[in-house]
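Worksheet: one structure, shown below.
Values quoted throughout were computed directly from the atomic coordinates according to the rules given, and no laboratory measurement underlies them. What you see is a predicted model; the values in this text were computed from it and never measured. Counting neighbours? That spans all protein chains shown, and the Cβs are built from the backbone with ideal geometry, glycine included.
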Amino acid sequence: MQKIASILLVLNGIAFAGTGVYALAAPAEVAASVGLAVNGASGHNEFLATFGGMFLGYGLYLLAALRHAAWRPGALVSLGVLCAGLFGGRVFSTVVHGVPEFHQLVFGAWELATASLALTLSARGATPA
């Protein structure tokens, strides 16, 4: 179980950090890929803070947790809760606004699987190695 928990943190750490770097480097491209537009200084500020800074920071936290034993249980729980929230938002959006593009369905499947696995592993006492 510890190995699976570690792999989960590594994969998601890389995914979140990578998305953050990509968003900081090419905000208009990233925004367009999910149906958004970044307009003006305020739009850039908010997009870069959320998709750039928050994603990069969270990804680095997940990766750093692998080196700091005291952070590992919290990292696993936070990953599960965050991905559950992301998935819940996608379900709500699908109900209210209709089925999104295929890649967003893939994101939702990843988020559901990650949330389920992270929270199950955490409840069973798995601590990433």
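Sorting 85-98, 6-19 by average packing, meaning the other beta carbons within 10 Å per residue, from highest down gives 6-19, 85-98. Here is the list for segment 42-129: GluC sites (Glu not before Pro) lying in DSSP coil, each with at most 13 other C-beta atoms within 10 angstrom of its C-beta, are GLU101. Using the Cβ-Cβ distance between MET1 and VAL106 with R0 = 30 Å, the FRET efficiency computed as 1/(1 + (r/R0)^6) comes to roughly 0.70. Residue-wise HN-Hα couplings along segment 16-31, as the Karplus relation 6.51 cos²θ - 1.76 cosθ + 1.60 with θ = phi - 60° gives them from phi, are 5, 5, x, 4, x, 5, 4, 5, 5, 7, 9, x, 5, 5, 5, 4 Hz; Gly and Pro carry x. Gain on full extension, evaluated as 0.36 nm per residue between SER33 and ASN45 minus their Cα-Cα distance, stands at 2.5 nm.
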